[in-house]
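The structure under discussion appears below in the form of structure tokens.
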């Protein structure tokens, strides 16, 4: 027999106060994932190491190339 609960969980004060910060954090992640560099990283992740070796590069070198203007790697 299945039981169904229609009781909503009670929101605590800490969860209510944390909501704006969670929303800001989620927005920051959304912005970072929508950046064009992340599309390049997704394409890089789809390639195998053998494909990269055939092109004469490595995964580390490609990551360094993608983020070279933002980070020192």
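Computed from the coordinates by the stated procedures, all read-outs in this text should not be read as laboratory data. What you see is a predicted model, and the numbers here were worked out from it, not measured in a lab. Ideal geometry is used to build each Cβ from the backbone, glycine not excepted, and the neighbour counts take in all protein chains shown.
Remarks
- Ranked list, fewest to most other Cβ atoms within 10 Å of each Cβ, for 52, 71: 71, 52
- Based on DSSP H segments of at least four residues, each scored -39500 (n - 2.57), the chain has a per-residue ellipticity at 222 nm of -19500 deg cm²/dmol.
- Inter-probe distance in nm under a simple model that places probes 7 Å from Cα toward Cβ, at residue 14 and residue 55: 4.6 nm
- Straightening the chain between residue 34 and residue 69 buys 10.8 nm, computed as 0.36 nm per residue apart minus the Cα-Cα spacing.
- Cα-only radius of gyration and Dmax that characterise the chain, units Å: 21.4, 62
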